[in-house]
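In what follows, a single structure is set out as structure tokens and then discussed.
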Amino acid sequence: MALHIACDFGVAALGAWLSDALGATFIAQRYSRLVIDCNRDPTRPDSIAEVSDGVVVPGNRALTGSAGACRVAEIFGPYHARIAEEVAARGQAGRRTVLVSLHSFTPVMAGRARPWRFGVLHLGGSRFSDATLDALREALGSRLIGDNEPYSMDGSDYTVPHHAISNGLDYLELEVRQDLLADAAGQTEVAALLEPLLRRLAAA
């Protein structure tokens, strides 16, 4: 549970900070992704990983179909139902919606250092993603900002394609390097950088 495979460290605090500052709804997953990864389609085998970054997850070995279905019903389903409810309510109220999906990534993966401070993940056209990528590169330099790095948005992603792209909404899937969010001071520093940037872009 102390390893990056368990959760996106620092994101809960960052999301809460930004939610308060921007007056935005923040919907967080409280369960470890070792129980079920809520950013994966539950039909994928890596939704409940038996091995993650070389680490065996004993509680997921030889899991029965009914046990997996229970995790989908009790954790995955309610989480995404709450997101869908919020998106629908905003649409009915005629409010413009940009879905921001926050994640954090380990500074070293499979022995390789990851130099990016932030990564913007996108699939196809997203004006908000493009604008955020440009704004972060202007603020910090291109070398420190990943364009579909350290991950690329693909068929493994669930939240943004399911709730934003399928509904014609703009979005941002933002990755933050975990060492930048290691303590309250770092979380505040990152949030203070992102808050005015997101506020400006959302108003554009």
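Computed from the coordinates by the stated procedures, all read-outs in this text should not be read as laboratory data. Note that this is a predicted model, so its numbers are computed, not measured. Reconstructed Cβ throughout: ideal geometry from the backbone, glycine too, with neighbour counts over all protein chains shown.
To the nearest 0.05, how large is the calculated FRET efficiency for residue 143 and residue 183 if R₀ is 25 Å and r is the Cβ-Cβ distance? Computed FRET efficiency for residue 143 and residue 183 comes out at 0.50. The sum of -39500 (n - 2.57) across all DSSP H runs of n ≥ 4, divided by the residue count of the chain, sets its helix-only mean residue ellipticity at 222 nm to -11000 deg cm²/dmol.
Judged by the gyration tensor of its Cα atoms, with axes a ≥ b ≥ c, the range 91-162 is oblate; a/c meets the 1.5 cut and b/c is at least as large as a/b. Sequence-ordered 3J(HN,Hα) estimates for the range 67-79 from the Karplus curve with 6.51, -1.76 and 1.60 and θ = phi - 60° stand at 5, x, 4, 5, 5, 4, 5, 8, 10, 4, x, x, 4 Hz, glycine and proline given as x.
Rounded if a/c is under 1.5, else prolate if a/b is larger than b/c, else oblate: which is the chain, with a ≥ b ≥ c the root eigenvalues of its Cα gyration tensor? Oblate is the answer for the chain, as a/c is 1.5 or above yet b/c matches or exceeds a/b. Cα-based values for the range 121-169, radius of gyration first and Dmax second, are 11.8, 33 Å. Listed values for the range 92-101 are Karplus-derived 3J(HN,Hα) couplings in whole Hz (6.51 cos²θ - 1.76 cosθ + 1.60, θ = phi - 60°), namely 5, 7, x, 8, 5, 10, 10, 8, 10, 10, and x replaces Gly and Pro. Across q = 0.12 Å⁻¹, the range 8-89 modelled as identical point scatterers on its alpha-carbon atoms has Debye log10 I(q)/I(0) values of -0.43, in the order of the q list.
Is the shape of the range 51-113 best called rounded, prolate or oblate, per the rule: a/c under 1.5 gives rounded, else a/b larger than b/c gives prolate, else oblate, with a ≥ b ≥ c the square roots of the Cα gyration tensor eigenvalues? Oblate shape, in that a/c is at least 1.5 and b/c is the bigger or equal ratio. Report the trypsin sites (Lys or Arg not before Pro) located in the range 1-99 that are in a DSSP loop and have at most 12 other Cβ atoms inside 10 Å of their Cβ, or state none. Of the trypsin sites (Lys or Arg not before Pro), the ones in loops of the range 1-99 whose Cβ has at most 12 other Cβ atoms within 10 Å are 30, 61, 95, 96. What fraction of the Cα pairs in the range 138-193, stated in percent, has a spacing above 17 angstrom? Every Cα pair in the range 138-193 considered, those over 17 Å come to 54 percent. Using 0.36 nm per residue and subtracting the Cα-Cα separation, the extra length available between residue 108 and residue 67 on full extension is 11.5 nm. Normalising the average separation of contacting C-alpha pairs (under 8 angstrom, six or more residues apart) by the number of residues puts the relative contact order of the range 11-203 at 27 percent. Coupling constants for the range 141-150 follow from the phi torsions by the Karplus curve (6.51 cos²θ - 1.76 cosθ + 1.60, θ = phi - 60°), and in residue order they are x, 4, 5, 9, 10, x, 9, 6, 9, x Hz; glycine and proline get x. Given R₀ = 25 Å, what would the calculated FRET efficiency be for residue 151 paired with residue 27, taking r from the Cβ atoms and rounding to 0.05? Step by step, r from the Cβ atoms, then E = 0.75.
Given R0 = 30 Å, the distance between the Cβ atoms of residue 43 and residue 85 translates into a calculated FRET efficiency of 0.85.
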